[in-house]
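Participant: Below you will find the structure I want to go over with you.
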Amino acid sequence: IMMENLAPYVSAILERPSPHPITARETAKEQWPDQGFTVCRETTTYRFHNGVVIRRTVEQDDFPSELACAECWITYEVLAQGPDMPQIQPTKQVFQNACREAFWLQYHSA
């Protein structure tokens, strides 16, 4: 089975150079209180020119943080593979903050 890395799609989602143009995106936002803080979740579904569909979810709270990379949860999920295409791997990738996401992308784009 032919495999294709998820990283070039993440590059496109983060508006970095990528061979995969995005043709459409839909975003939904929600928030709720949790232990005195407000948690926000933003879910965006990206459709690519080749039929691939990927959902990116970012969830974080408004807890004050001095950290350059405050804790948040970033999830990528491959919802649809393109027809007659290599299998995208991994089909799900989770990060605990934007620094880990950036490091992963840099590592897989080298």
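Participant: Starting from segment 25-52, keep only residues that are at positive phi, then list their pairs with residues that are in a strand (DSSP E or B) and open to solvent by less than 90 Å² (accessible area, probe 1.4 Å) whose Cβ atoms are within a distance under 7 Å, requiring at least 6 positions of separation or different chains.
Facilitator: Going by the 7 Å Cβ cut-off, the qualifying pairs are GLY51/ALA80.
Participant: Which numbered condition trips up CYS69, out of (1) closer than 21 Å to TYR107 by Cα; (2) in contact with a strand residue (DSSP E or B) (Cβ under 9 Å, 6 or more places away or on another chain)?
Facilitator: The single condition CYS69 does not satisfy is (2).
Participant: Being in contact with a Ser or Thr (Cβ under 6 Å, 6 or more places away or on another chain), at pLDDT 90 or above and in a strand (DSSP E or B) is true for just one of ALA24, ALA28, ALA12. Which residue is that? I'd like the intermediate steps shown before the answer.
Facilitator: On the way: ALA24 fails: in contact with a Ser or Thr (Cβ under 6 Å, 6 or more places away or on another chain); ALA12 fails: in a strand (DSSP E or B).
Testing whether each residue is in contact with a Ser or Thr (Cβ under 6 Å, 6 or more places away or on another chain), at pLDDT 90 or above and in a strand (DSSP E or B) leaves just ALA28.
Participant: So which residues in segment 50-61 are open to solvent by 60 Å² or more (accessible area, probe 1.4 Å) and modelled with pLDDT of 95 or more?
Facilitator: ARG55
Participant: List every residue pair whose Cβ atoms sit under 7 Å apart, with the two residues 6 or more apart in sequence or on different chains, where the first one lies in segment 83-110 and is farther than 15 Å from LEU67 by Cβ and assigned to a loop (DSSP other than H, G, I, E, B) and the second, anywhere, is polar (S, T, N, Q) and open to solvent by less than 40 Å² (accessible area, probe 1.4 Å).
Facilitator: So the pair list comes out as MET85/ASN50.
Participant: What tally of residues in segment 31-49 results from selecting those that are surrounded by 10 or more Cβ atoms within 10 Å (Cβ to Cβ) and either assigned to a loop (DSSP other than H, G, I, E, B) or under 17 Å from the mean Cα position of the chain (by Cα) (or both)?
Facilitator: Selection size over segment 31-49: 10.
Participant: Residue by residue through segment 66-97, note down the ones that are open to solvent by 50 Å² or more (accessible area, probe 1.4 Å) and among the small types (Gly, Ala, Ser).
Facilitator: ALA68
Participant: Among the residues of segment 51-82, which ones are part of a loop (DSSP other than H, G, I, E, B) and not aliphatic (A, V, I, L, M)?
Facilitator: To start, the set of residues in segment 51-82 that are part of a loop (DSSP other than H, G, I, E, B) comprises 51-52, 62-72, 81-82.
Selection gives GLY51, ASP62, PHE63, PRO64, SER65, GLU66, CYS69, GLU71, CYS72, GLN81, GLY82.
The values are calculated or read from the model by the stated rules, or taken from the named source; none is laboratory data. It should be emphasised that the depicted structure is a prediction, and the values quoted were computed from it without experimental measurement. Here the Cβ is made from the backbone with ideal geometry for all residues, glycine too, and neighbour counts use every protein chain on show. What goes into the accessible areas is simple: the full protein's heavy atoms, side chains included, and nothing from ligands, DNA or RNA. Shrake-Rupley method; radii C 1.70, N 1.55, O 1.52, S 1.80 Å.
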